[in-house]
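J.: Pasting a structure below so you can have a look.
The values are calculated or read from the model by the stated rules, or taken from the named source; none is laboratory data. Everything quoted here is computed from the prediction, not taken from an experiment. Cβ sites come from the backbone with ideal geometry, for glycine too, and all protein chains shown count toward neighbours. Accessible surface areas use protein heavy atoms only, side chains included; no ligands, DNA or RNA. Shrake-Rupley method; radii C 1.70, N 1.55, O 1.52, S 1.80 Å.
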Amino acid sequence: MIGGGFVTVARVGDIPVGGVKVVRMGDLPIALYHLEGGYYAIEDLCTHDGGPLAEGTLEGDVVECPRHGARFNVKSGVALCLPATAPVPTYVVRVQGEEIQVEGV
């Protein structure tokens, strides 16, 4: 996906609270989480070894990578523990009517 603009990736009701859906923005996998109070999008690649974060365990607003246990805040992207030290990229999400949209990358 080239440059800005919002892209519809799901519809309200597609993802239950506490759930996640992996969507693609061009070649980039994005994990779209539905938490209490809103939707959040992060790159679906652990910054430690490229593991699929959406396959990990979600507790509150923290996801744990299924490979080596690195944890990330899905709202901010911050790496919360080793072995990851770098944050995971986050993306702006908005809801327009019934459409969930992620800002293009």
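J.: Taking only protein heavy atoms and a 1.4 Å probe, what accessible area per residue, in Å², does the chain have with all protein chains in place?
T.: Counting only protein heavy atoms, the per-residue value for the chain is 51 Å².
J.: Report in % the part of the accessible area of the chain that belongs to carbon and sulfur, leaving out ligands and nucleic acids; probe 1.4 Å.
T.: Answer for the chain: carbon and sulfur cover 49 percent of the accessible area.
J.: Shifting gears a bit: If you place +1 on the Cβ of every Lys and Arg and -1 on the Cβ of every Asp and Glu, how big does the dipole about the Cα centre of the chain come out, in debye to the nearest 20?
T.: Magnitude of the dipole: close to 80 debye.
J.: Considering the chain as a Gaussian network with a 10 Å cut-off on Cα pairs, which listed residue, D61, D27, D44, attains the greatest mean-square fluctuation?
T.: For the chain, modelled as a Gaussian network with Cα springs under 10 Å, the answer is D27.
J.: Rank E64, E36, E55 by mean-square fluctuation in a GNM of the chain with C-alpha springs under 10 angstrom and give only the top-ranked residue.
T.: E36
J.: Kindly identify segment 1-58 as rounded, prolate or oblate by the Cα gyration tensor criterion: order the square roots of the eigenvalues as a ≥ b ≥ c, call it rounded if a/c is under 1.5, otherwise compare a/b with b/c, prolate if a/b is larger, else oblate.
T.: Values: a/c = 2.13, a/b = 1.05, b/c = 2.03.
Cα axes put segment 1-58 in the oblate bin.
J.: Percent relative contact order of segment 1-46, based on C-alpha pairs within less than 8 angstrom and at least six residues apart? Intermediate values should be presented prior to the final figure.
T.: Numbers: 55 pairs, mean separation 12.9, N = 46.
Relative contact order, segment 1-46: 28 percent.
J.: Output the lone cysteines of the chain: those with no second cysteine's C-beta under 4.7 Å from their C-beta.
T.: C81
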